[in-house]
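Undergrad: I'd like to ask you about the structure that follows.
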Amino acid sequence: MRLLLIEDDKLLGHGIQAGLRQENCIVDWLQDGVAGEQAWQLETYDAIILDWNLPKKDGISLLNAMRHQGDTTPVLLLTARDTLNDKVIGLDSGADDYLVKPFDLEELLARLRALVRRNQGRATPKIYYADLCLDPAAHTLTQSDNPVKLSNKELLILQILLENIGKVMSRQQLEEALYGWNEDIESNAVEVFIHHLRKKLGKHLIITIRGVGYTIPKQ
């Protein structure tokens with residue numbers, strides 16, 4: 001998952017970013033509502049973790065503005081406010097889920113996976129295709145019930161392609177999903193990962209559409 005974290009508490013923000021990165025997530029972190037809104041408008045994210053009380057523009061105002069523009073990116077609202085009325089306000093403003101501070105990182109991850117899964121119209125937590133079974137929560141892949149060892153980046157690329165069966169994903173789209181801000185990207189990184197996946201899973205799984213990108217065809 002590529003996530004946008006908008007949280008002004010530096011200690012909490014650093015902890016969330018570090019914890020999610022350890023779980024194979026790409027996390028861009030900003031600390032005020034205005035900067036968060038700009039990133040939200042310019043980048044594509046699987047989900048957004050949004051604090052309610054932010055400097056410059058609060059989370060609810062930001063959420064209302066983005067929903068008014070028709071943005072449907074899943075949003076998990078973080079707040080210390082725990083009254084029923086606060087929860088109603090947050091959800092009715094367009095949040096897809098609500099998590100009260102303090103919280104456990106495992107619960108945050110589980111809620112994010114559920115939001116992304118629902119947004120993709122996928123009912124099951126695991127992704128199945130032919131003889132493949134990918135478990136995003138466990139970061140594992142099996143082929144014909146046999147475990148296949150993949151690097152984090154290889155697993156991410158495969159997950160993106162499996163979540164977009166029949167769609168062609170450009171190299172730029174894959175790079176944006178694989179790398180956060182200020183991360184160095186080698187010019188042929190995506191091609192190398194695709195080569196490794198074909199070597200491990202079969203050369204016909206991922207199709208190259210020359211000049212456009214990569215796809216896994218519908219069955």
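Undergrad: Tally time: how many residues in segment 190-219 are open to solvent by less than 60 Å² (accessible area, probe 1.4 Å), of a type outside the set (Gly, Ala, Ser) and in a loop (DSSP other than H, G, I, E, B)?
TA: Going through segment 190-219 one residue at a time, the tally reaches 4.
Undergrad: Now for a separate question. Can you tell me which of Asp92, Asp82, Asp86, Asp135 is farther than 23 Å from Glu7 by Cα and either of a type in the set (Asp, Glu) or in contact with a Ser or Thr (Cβ under 6 Å, 6 or more places away or on another chain) (or both)? Steps first, answer last, please.
TA: Details: Asp92 fails: farther than 23 Å from Glu7 by Cα; Asp82 fails: farther than 23 Å from Glu7 by Cα; Asp86 fails: farther than 23 Å from Glu7 by Cα.
Sole residue among the options that is farther than 23 Å from Glu7 by Cα and either of a type in the set (Asp, Glu) or in contact with a Ser or Thr (Cβ under 6 Å, 6 or more places away or on another chain) (or both): Asp135.
Undergrad: Right, next: Among all residue pairs at least 6 apart or on different chains, which show Cβ distances below 9 Å where the first residue, located in segment 129-155, is farther than 15 Å from Leu197 by Cα and the second is part of a strand (DSSP E or B)?
TA: Correct list of pairs: Ala130/Gln143; Asp135/Ile127; Asp135/Leu141; Asp135/Thr142; Pro136/Ile127; Ser144/Leu132; Asp145/Cys133.
Undergrad: Return only the number of the condition from (1) touching a residue at least 24 places away in the same chain (Cβ under 8 Å); (2) open to solvent by 70 Å² or more (accessible area, probe 1.4 Å) that Glu23 does not satisfy.
TA: Status for Glu23: all satisfied but (2).
Undergrad: Ok, one more. Just wondering, is there one or more residues in segment 105-113 that are without any contact (Cβ under 8 Å) to a residue 40 or more places away in the chain and touching a helix residue (DSSP H, G or I) at 6+ places or on another chain (Cβ under 6 Å)? It would help to see each step written out before you state the result.
TA: From segment 105-113, those without any contact (Cβ under 8 Å) to a residue 40 or more places away in the chain are 106-107, 110-111; that's our starting set.
From the residues that got through so far, the ones that are touching a helix residue (DSSP H, G or I) at 6+ places or on another chain (Cβ under 6 Å) too are none.
No, segment 105-113 has no match at all.
Undergrad: Kindly indicate whether Glu175 is in contact (Cβ under 8 Å) with a residue 12 or more places away in the chain, under 17 Å from Val116 (Cα atoms) and of a type in the set (Asp, Glu).
TA: Values: in contact (Cβ under 8 Å) with a residue 12 or more places away in the chain: yes; under 17 Å from Val116 (Cα atoms): no; of a type in the set (Asp, Glu): yes.
No; evaluated as a whole, the condition is false for this residue.
Undergrad: Right, here's the next one. Looking at Gln31, Gln41, Gln17, can you tell me which residue is open to solvent by 50 Å² or more (accessible area, probe 1.4 Å) and either among the hydrophobic types (A, V, I, L, M, F, W, C) or under 17 Å from the mean Cα position of the chain (by Cα) (or both)?
TA: Details: Gln31 fails: either among the hydrophobic types (A, V, I, L, M, F, W, C) or under 17 Å from the mean Cα position of the chain (by Cα) (or both); Gln17 fails: open to solvent by 50 Å² or more (accessible area, probe 1.4 Å).
Only one candidate passes the filter, namely Gln41.
Undergrad: Now for a different question. Mind listing just one residue for me: the one in segment 44-95 that is out of contact with any helix residue (DSSP H, G or I) (no Cβ under 9 Å at 6 or more places or on another chain) and within 30 Å of Leu178 (Cβ to Cβ) and, of those, surrounded by the most Cβ atoms within 10 Å (Cβ to Cβ)? Walk me through it before giving the result.
TA: So the first thing to find is which residues in segment 44-95 are out of contact with any helix residue (DSSP H, G or I) (no Cβ under 9 Å at 6 or more places or on another chain), and the list is 64, 67-68, 70, 80, 82-88, 91-92.
Then keep just the ones that are within 30 Å of Leu178 (Cβ to Cβ); that gives 67, 70.
Details: Arg67: 15, Gly70: 6.
The selected residue is Arg67.
Undergrad: Considering only residues that are over 19 Å from the mean Cα position of the chain (by Cα) and over 24 Å from Leu132 (Cβ atoms), look in segment 171-209 and name the one that is modelled with the highest pLDDT.
TA: Asn188
Undergrad: I want to confirm something. Restricting to segment 105-126 and keeping residues that are of a type in the set (Gly, Ala, Ser) and modelled with pLDDT of 90 or more, which single residue is surrounded by the fewest Cβ atoms within 10 Å (Cβ to Cβ)? Full working, then the answer.
TA: Initial filter on segment 105-126 (of a type in the set (Gly, Ala, Ser)): 110, 114, 121, 123.
With modelled with pLDDT of 90 or more added as a condition, the list becomes 110, 114.
Details: Ala110: 13, Ala114: 16.
Result: Ala110.
The values are calculated or read from the model by the stated rules, or taken from the named source; none is laboratory data. Being a predicted model, the structure only gives us computed values, none of them experimental. No Cβ is skipped: glycine too gets one built from the backbone with ideal geometry, and neighbour counts run over all protein chains shown. The accessibility values were calculated without ligands, DNA or RNA, using every heavy atom of the protein model including side chains. Shrake-Rupley method; radii C 1.70, N 1.55, O 1.52, S 1.80 Å.
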